Each structure stands twice: as structure tokens, then as C-alpha cells.
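Below is one structure; the comments refer to it alone.
The values are calculated or read from the model by the stated rules, or taken from the named source; none is laboratory data. Everything numeric in this text was worked out from a predicted model, so none of it was measured.
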Amino acid sequence: MSDLKSILVIGGTSAQGSSVVKALSESGSYSVRVLTRNSASDQAPKLAARPNVTLLQGSQDNQKDLHSAFSGIYGAWVNLDGFTIGEKSELFYGV
């Protein structure tokens with residue numbers, strides 16, 4: 001697994017994000033780290049059961065969580081949820 005490039009997915013339990021996680025997992029080229037607010041949500045365990053997918057519980061609007069999530073990452077797919085964190089935070093953390 002060390003030869004796989006690590007991709008962070010923020011928003012991985014969403015409709016779009018779960019499809020991205022599935023595609024990355026099935027490619028066999030990436031290990032996927034999914035930042036999720038709730039690792040026990042309906043969608044999160046389904047993602048964690050996929051090959052090369054791990055969950056990291058944390059928040060998309062917490063800098064400490066983001067620093068942990070991005071540690072050792074090759075690339076990222078980010079889909080911030082403005083409805084959850086608010087438009088101001090979505091813009092701030094997006095930048």
C-alpha cells in the first residue's frame with residue numbers, strides 16, 4: 001500500500017463525494033482518506049469497507065483537523081458544505 005498515492009476527500013460521504021471515493025478506491029492507484037464529521041453515519045462505514053479507504057473523524061472547519069487530514073497527502077478532492085458550515089466559512093476554508 002506504500003506505493004499508492006494518498007488522496008484526501010473532504011465531503012466524501014455526500015452524493016458526489018461518495019462516487020469520487022468509490023472511483024479512487026476501485027482504481028487501485030490510490031489510498032483514500034475521508035474526513036468525516038461522523039464516522040458512524042449511514043454512509044461512512046460503507047466507504048470504510050472499500051479497499052484502500054480510511055476514515056478520519058474531524059471537521060472541515062477546524063484547522064487542527066485539517067492539518068491532520070492533509071498530513072502526508074499527495075492530492076485532495078474537496079467539496080465543502082456551505083449549508084452545514086455557512087457560506088462565510090465555506091469561502092474561508094476553501095481558500
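Details
- Residue count for the range 18-69 under the criterion of being among the hydrophobic types (A, V, I, L, M, F, W, C) and in a helix (DSSP H, G or I): the result is 9.
- Looking across the range 65-95, the residues that are at pLDDT 80 or above and either over 15 Å from the mean Cα position of the chain (by Cα) or hydrophobic (A, V, I, L, M, F, W, C) (or both) come down to Leu66, Ala69, Phe70, Ile73, Ala76, Trp77, Val78.
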